[in-house]
Each structure stands twice: as C-alpha cells, then as structure tokens.
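Contents: one structure, followed by commentary.
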Amino acid sequence: MEANGMIAIASAIAIGLAAYGGTQGQGKAAAAALEGIARNPEAQGKIFTPMILAMALIESLVILGFVIAFMIQGKF
Amino acid sequence: MKIIISIMTLLLSSSVYASGGFTWLHGVTQATGLKEHTITFLFTSVLFIVGGLLFRVKTKSLSKSVVPDKGVTYRNLVEFIGDFVYGQAKATMGDKNAKTYFPLLVFYFSFIFLNNLIGLVPGFLPPTENFNTGLALGILIFIYYNAQGIKVQGIVGHIKHLMGPLLFMAPLIFVLEVISHAMRPLTLGLRIRGNMLGDHTVLAIFSDLVPYLVPIPFYCLGLFVCFMQAFVFTLLTMIYIAMAVETHDHEEHAH
C-alpha cells in the first residue's frame with residue numbers, strides 16, 4: 001500500500017460520499033418544493049426563493065467535500 | 001451577426017488550461033509582480049466603473065428616464081437587474097430596509113456576476129476562482145452587517161441577540177452562535193470558490209478532449225452556475241442583514 005494509492009482512494013471516497021449525501025438532501029428539498037407548488041400554483045414565486053436558498057446551503061457542504069478531495073492530492 | 005457568434009463559439013471553445021496557460025493579461029502579470037487573479041480583478045473593476053459611467057450617461061435627467069426604451073438596450077438590462085434585486089430584497093427584508101440597503105446589494109450581485117462571467121471568455125481566469133477574493137467579499141459583508149446591527153440596536157442589544165431566547169441556556173447558545181457567525185465569511189468564500197473551480201475544471205477537461213462543438217452544453221451550464229452563485233451570495237447577504245437589524249417592536253404583515 002503506497003501513499004499515492006491511498007491518497008487516490010481517499011479522494012474518491014471523499015467526493016463520493018459528499019455527492020451521495022448531497023443528492024439525498026437536495027432531492028428531499030426539491031420534492032417538498034414541487035409538492036407545495038402543485039398544491040398552490042400561485043405561490044410559485046414565494047416558494048422558489050427559499051428552495052434555491054436551501055439548495056445552495058446544502059450544496060455548499062458538498063463543495064467543501066470536493067475541496068478536501070482536491071487538497072489531499074496537493075492541487076489546492 | 002448570429003452566424004458570426006455561432007462560428008466564434010465553435011472555434012474558440014477552449015480555455016486557459018487547454019491552451020497551455022496563455023491568458024490575455026499574461027504580459028501585465030509578468031511586467032508587475034502581482035498574481036493572475038489580482039490583475040483580472042482590477043480589470044473587471046475598471047470594466048464595472050466604465051459600465052456604471054455609461055449607464056449614468058444614458059439616463060440624462062430624472063424626468064425623461066421614467067419611460068423605458070424599446071427592445072433590448074443596455075439601460076434596460078441594468079434596470080432589469082436592479083428590479084430583480086429590489087424585488088428579492090422587498091420579499092426578504094421588508095420595504096423600508098430594502099430601500100436603505102439596496103445600493104450595496106445590487107453592487108454585490110452585478111459585480112460577482114461580472115467576475116464569474118469573465119471566466120467563460122476564453123483566455124481569462126475568473127477572480128472568484130481563488131479563495132482570497134471570496135474571503136475578501138465575505139469579510140466585507142461580515143463587518144458591514146455587524147456594524148449595521150450595532151448601529152440599529154446598540155452594542156448590548158446586538159450581543160443579546162447572540163444569547164438566544166432563554167436565559168439559563170445562554171452560555172451554550174452564545175458559544176454556538178459565535179462559532180456560526182464566524183464561519184459565515186469562510187463558507188461564503190469557499191462556496192463561490194468551489195463552484196467556480198469545479199465548473200472551470202470541467203470546461204477545461206472537455207475542451208481538451210473534443211475542442212469543437214461538444215463543450216457548448218458546458219458553456220450553458222457555466223452560465224447557469226455563474227448566475228446562481230451570484231444570486232445565492234446576494235440572497236445570503238440579504239438574510240444576514242435582515243437578521244441583524246430586525247426589531248421585534250412592530251409586526252407589519254400578518255403571518
């Protein structure tokens with residue numbers, strides 16, 4: 001087990017788990033938003049903004065995982 | 001005109017990394033000792049100031065500029081951006097606060113949008129790809145909303161905000177809130193840096209593989225990501241300012 005091999009596996013696990021958890025959370029947020037719009041189509045403008053905000057906050061954690069995956073390889 | 005633009009998009013679908021590191025501002029970087037992202041940041045600042053002066057020239061007097069122009073002109077685009085940010089600010093902060101903080105918000109939105117967009121032009125690196133630019137913008141927001149909170153509510157009132165609703169849990173909640181507030185500039189900078197880096201890297205890799213015709217969907221994705229990141233930054237700024245200056249005296253709108 002050399003260092004380079006373990007670094008590669010670590011990077012892959014970091015970004016893979018981050019993407020998995022991120023899509024789970026964003027899927028639930030999108031599902032709730034779409035159901036709210038389906039019940040009440042006039043509230044689309046008011047539902048859209050908090051949905052975008054929630055998606056960006058969830059996605060920022062995924063981006064943090066991506067940054068760690070790059071940092072491990074030394075390409076910051 | 002459309003044919004020229006489409007041909008240029010086909011032929012120039014390459015980016016900085018693909019062509020071996022050539023940038024338009026390479027000469028300026030070698031002449032002075034500054035780094036690449038600083039030079040590009042100064043370049044976009046100059047573009048922004050020129051754009052602002054151009055808008056000022058086009059709206060000559062206040063009485064004649066009520067009627068919008070016909071079609072797509074520069075003035076209509078700027079007014080569209082202003083209207084969009086003002087609508088969002090009214091929905092988040094209320095009417096009076098939106099009018100007070102509007103100049104800062106529209107500056108943030110259009111400046112970050114311009115900085116992101118210049119990464120899509122072949123031969124430029126976006127300044128927001130570096131962590132330093134995002135951190136600088138985040139620290140400015142941090143200082144600004146704390147200053148506004150202290151100005152509106154006084155120092156004691158502002159710190160009392162951090163203590164939470166119940167009194168006997170104050171030490172625990174105070175520590176959590178301080179850490180959460182201190183992480184805000186960092187996450188603002190890291191979010192925009194990670195998004196721009198990922199988007200630019202994907203574009204570079206696909207331009208390396210197939211230089212013509214295939215990177216066009218990635219340019220569309222890049223446009224979407226640029227707009228969304230500027231929008232999210234502005235939205236979070238609005239929410240931080242709104243949470244810092246809210247007063248519990250009057251409740252205008254019924255929930």
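The values are calculated or read from the model by the stated rules, or taken from the named source; none is laboratory data. For clarity, every value in this text was computed on a predicted model and none was experimentally measured. Virtual Cβ from ideal backbone geometry, glycine too; neighbours counted across all protein chains shown.
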*Can you tell which of B:Gly164, B:Gly157, B:Gly194 is surrounded by 11 or more Cβ atoms within 10 Å (Cβ to Cβ), assigned to a loop (DSSP other than H, G, I, E, B) and not basic (Lys, Arg)?*
B:Gly164
*What about B:Gly87, is it touching a residue at least 24 places away in the same chain (Cβ under 8 Å) and either of a type in the set (Gly, Ala, Ser) or under 30 Å from A:Phe70 (Cβ atoms) (or both)?*
no
*When you look at A:Ala8, is it away from chain B (no Cβ under 14 Å), of a type outside the set (Asp, Glu), surrounded by fewer than 16 Cβ atoms within 10 Å (Cβ to Cβ) and under 25 Å from B:Asn130 (Cα atoms), yes or no?*
yes
*When residues of segment A:46-68 are filtered for being β-branched (Val, Ile, Thr), more than 8 Å from chain B (Cβ to nearest Cβ) and either closer than 12 Å to A:Gly22 by Cβ or in contact with a Pro (Cβ under 6 Å, 6 or more places away or on another chain) (or both), how many remain?*
2
*Give segment B:12-41 a look and list any residue that's out of contact with any helix residue (DSSP H, G or I) (no Cβ under 9 Å at 6 or more places or on another chain) and either over 20 Å from B:His200 (Cβ atoms) or modelled with pLDDT of 75 or more (or both), or say none.*
B:Gly27, B:Gln30, B:Ala31, B:Gly33
